[in-house]
Every structure is written in structure tokens, then in C-alpha cells.
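The values are calculated or read from the model by the stated rules, or taken from the named source; none is laboratory data. As the structure is a prediction and not an experimental result, all values here were calculated from the model. Glycine also receives a Cβ, built like all others from the backbone with ideal geometry; neighbour counts cover every protein chain displayed. Surface areas here come from the heavy atoms of the whole protein model, side chains and all, with no ligands, DNA or RNA. Shrake-Rupley method; radii C 1.70, N 1.55, O 1.52, S 1.80 Å.
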Amino acid sequence: MTDETVHESQETRSRRGIASYFRRLANRLSRGEPAPADEEQTVTVTPPAESEFEVEVEREDGTVTLEIDMEWNEDEGEVATDVAASKATFEVYEDSAEQYRWRLRHDNGNIIADSGEGYASKQKAEQGLESVKSNAPGAYVVDESKDDDGVVEEGGSKATFELFKDSEGKARWRLRHDNGEIIADCGQGYASKQKAKQGLQSVKTNARGAPVEEGE
């Protein structure tokens with residue numbers, strides 16, 4: 001059997017971003033689900049219940065390397081490529097005011113996020129949704145309805161999910177970039193905070209790998 005590199009990537013990330021990646025792996029592994037190797041979640045691995053695990057810290061010429069290896073027999077686990085990991089689709093469309101917007105529609109037909117505002121061009125709308133793709137999966141979640149603005153879930157990106165109550169007392173979320181701009185909105189009020197959390201979690205899970213299509 002010949003050797004094959006199924007996936008390889010290298011980039012600079014913040015500590016929080018790296019932690020977010022490992023957290024996603026850990027959550028899937030603990031549940032025995034396919035774990036994504038890439039950010040787009042198109043390459044997944046499903047290790048067996050037990051596998052060889054090795055951690056090595058190496059120091060050489062002023063550089064420190066941390067290597068984490070898992071190894072198992074191929075017939076005991078699974079590797080999948082070209083996975084359609086997302087269960088949602090971004091739709092870019094022109095509204096009645098002739099501005100461009102996007103919405104993220106789940107396979108069940110529900111709209112789970114939208115741009116919250118119109119853009120002057122389709123290109124600007126697409127740039128907006130790409131920012132959501134990049135930042136939603138690892139974004140912090142902050143509960144603004146609490147007195148202490150406590151972080152209820154950690155992450156690592158350039159944006160933060162804000163949980164809040166609207167004027168009608170319904171729970172909502174918005175995704176705010178570090179530059180202050182709101183880049184995504186839930187588009188609806190929820191009957192409970194728990195439902196709002198479930199909604200934003202669906203966006204976290206599905207935004208990265210969602211395809212982009214023309215909407216009506």
C-alpha cells in the first residue's frame with residue numbers, strides 16, 4: 001500500500017484560534033463522531049475507540065515544536081474526503097431596495113442567520129458572508145443579559161456572539177466583529193435563551209463549509 005497525504009495545512013493562528021480548533025476536535029472525538037481535520041470540515045477522521053497517542057516537545061535552534069500524533073490501523077477507523085459537512089447554504093440576493101443581502105438557510109428550510117443590513121454591491125455582501133465563515137466557528141459567546149457580561153463559551157476569532165433580549169423580551173443573538181460592526185444577525189426573536197444558543201451553535205457548526213448560491 002502506498003503512502004498518501006490526505007490533508008496538510010500550515011498557517012499562523014492566535015492561541016485562542018488554536019484552542020478553538022482543538023476544542024472542535026475534542027468535542028467530536030468524545031462523542032465518537034467524525035472529527036474535521038480542516039477548517040472547511042471537508043476532510044474528517046473517525047479513529048477507533050483506542051489508538052496510539054504521542055506527544056513530543058522539541059527545542060532546536062531557538063524554535064520550540066509541539067507535535068501531537070494519533071495513529072491507528074486504517075481498517076479500524078475511517079477517513080473521508082470531499083465531505084459536505086455543512087447542513088446549510090448561503091444565499092446572496094437583491095432586496096426590494098436594490099441592495100444586496102445574504103442569508104444562511106439550513107437544509108430544513110429555516111433561515112438561521114442573515115446579514116442584518118443591505119450592501120451596495122454583491123461583492124460587499126459576499127465579503128460580509130466570508131467574514132462570517134471565517135469568524136463564526138471560533139467566536140466567543142457573551143451573555144449581555146447578565147450583569148457581569150460573563151463569557152459563557154470560549155472561542156478564538158475576530159468576532160463575538162452577543163446574546164441579548166430585545167424590546168419585546170425575546171432572546172436574540174448578533175455576531176459583532178472586533179471593529180464594532182455587526183456582521184450577522186439571528187433575524188428573529190427566540191422564546192428562550194436556550195433556543196437562541198441552539199441557533200447560534202447551528203451557525204457556528206454550519207457557516208464554515210456552507211456553499212454560496214444565488215438567492216431570489
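So here's what we get for this one:
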item	result
Choice from ALA97, ALA80, ALA159 showing the highest fluctuation, given a GNM over the chain with Cα pairs closer than 10 Å	ALA97
Dipole in debye (nearest 20) - the stretch 1-160, about Cα centre, beta carbon charges: Lys, Arg +1; Asp, Glu -1	1020
In degrees, nearest ten, helix 15-31 long axis to first principal axis of the chain (Cα)	80
Angle between the chain longest axis and helix 122-135 axis [Cα atoms, degrees, rounded to 10]	50
Nearest-ten-degree value, helix 193-206 long axis tilted from longest Cα axis of the chain	60
Per residue accessible area in Å² of the chain, where ligands, DNA and RNA are left out and the probe is 1.4 Å	64
Cβ charges +1 (Lys, Arg) and -1 (Asp, Glu), total dipole of the stretch 74-119, debye	400
Accessible heavy-atom area order of ARG176, ARG103, highest first, probe of 1.4 Å	ARG176, ARG103
Residues whose placed amide H lies under 5 Å from that of GLY215, excluding near-sequence neighbours	VAL92, TYR93
For ALA113, residues with placed amide H under 5 Å, excluding near neighbours	LEU104
Orientation-averaged projected area, Cα convex hull of the stretch 1-56 (nm²)	5.3
Length gained when the stretch VAL57-ASP178 is fully extended (0.36 nm per residue, less Cα-Cα span)	40.2 nm
Mean-position separation - Cα centroids, the stretch 155-216 and the stretch 35-57, in angstrom	28
